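Presented below is the structure to which this report refers.
The values are calculated or read from the model by the stated rules, or taken from the named source; none is laboratory data. What you see is a predicted model, and the numbers here were worked out from it, not measured in a lab. Heads up, the Cβs are rebuilt from the backbone with ideal geometry, glycines too, and the neighbour counts pull from every protein chain shown. With ligands, DNA and RNA removed, areas are computed over all heavy atoms of the protein, side chains included. Shrake-Rupley method; radii C 1.70, N 1.55, O 1.52, S 1.80 Å.
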Amino acid sequence: QVQLVESGGGLVQAGGSLRLSCAASGSIFSVNDMGWYRQAPGKQRALVATIASGGYTNYASSVKGRFTIARDNAKNTVDLQMNSLEPEDTAVYYCYADRINRRYWGQGTQVTVSS
């Protein structure tokens, strides 16, 4: 089992920045990909960014150039630095981690960007 705890969500003005953090605990050995999804009101959950255990990253086109995902394997954390935030970024953000044949999820943290 893997437990994920998120922090860093909140309310910011357009153009501002937030940094989301996700800490993994439990059976953290053999964790493969980690990353972030988000779900806006009335929309389905969508991928934001992923990072492999070796450091390879992938981003949704809507956030590329503004968001940066980073991973510390020794500390078992994954962060999402969000810059130049837009109202369209408003959503609940979910951290995930893949281990063996299962995907584990955090509880979600609200990010609200005002215009």
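Numbers for the structure displayed
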| read-out | value |
| --- | --- |
| Of residues in the stretch 43-57 being modelled with pLDDT of 95 or more and not hydrophobic (A, V, I, L, M, F, W, C), the one nearest to residue 100 (Cα to Cα) | 50 |
| Hits in the stretch 78-115 - residues which are touching a helix residue (DSSP H, G or I) at 6+ places or on another chain (Cβ under 9 Å) and within 15 Å of residue 59 (Cβ to Cβ) | 82 |
| Members of the stretch 27-45 that are within 14 Å of the chain's Cα centre (by Cα) and not in a loop (DSSP other than H, G, I, E, B) | 33, 34, 35, 36, 37, 38, 39 |
| Residues within the stretch 59-73 that are more than 21 Å from residue 43 (Cα to Cα) and part of a strand (DSSP E or B), tallied | 5 |
| Some residue of the stretch 4-26 being outside any strand (DSSP E or B) and at pLDDT below 95 | no |
| Those residues of the stretch 4-51 which are in contact with a Cys (Cβ under 9 Å, 6 or more places away or on another chain), among the hydrophobic types (A, V, I, L, M, F, W, C) and open to solvent by less than 30 Å² (accessible area, probe 1.4 Å), in sequence order | 4, 20, 22, 24, 34, 36 |
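The rows are residues; the columns are (1) surrounded by 18 or more Cβ atoms within 10 Å (Cβ to Cβ); (2) part of a strand (DSSP E or B); (3) touching a Pro at 6+ places or on another chain (Cβ under 7 Å).
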{"residue": "75", "(1), (2), (3)": "no, no, no"}
{"residue": "79", "(1), (2), (3)": "yes, yes, no"}
{"residue": "88", "(1), (2), (3)": "no, no, no"}
{"residue": "92", "(1), (2), (3)": "no, yes, no"}
{"residue": "97", "(1), (2), (3)": "yes, yes, no"}
{"residue": "104", "(1), (2), (3)": "yes, yes, no"}
{"residue": "107", "(1), (2), (3)": "no, no, no"}
{"residue": "113", "(1), (2), (3)": "yes, yes, yes"}
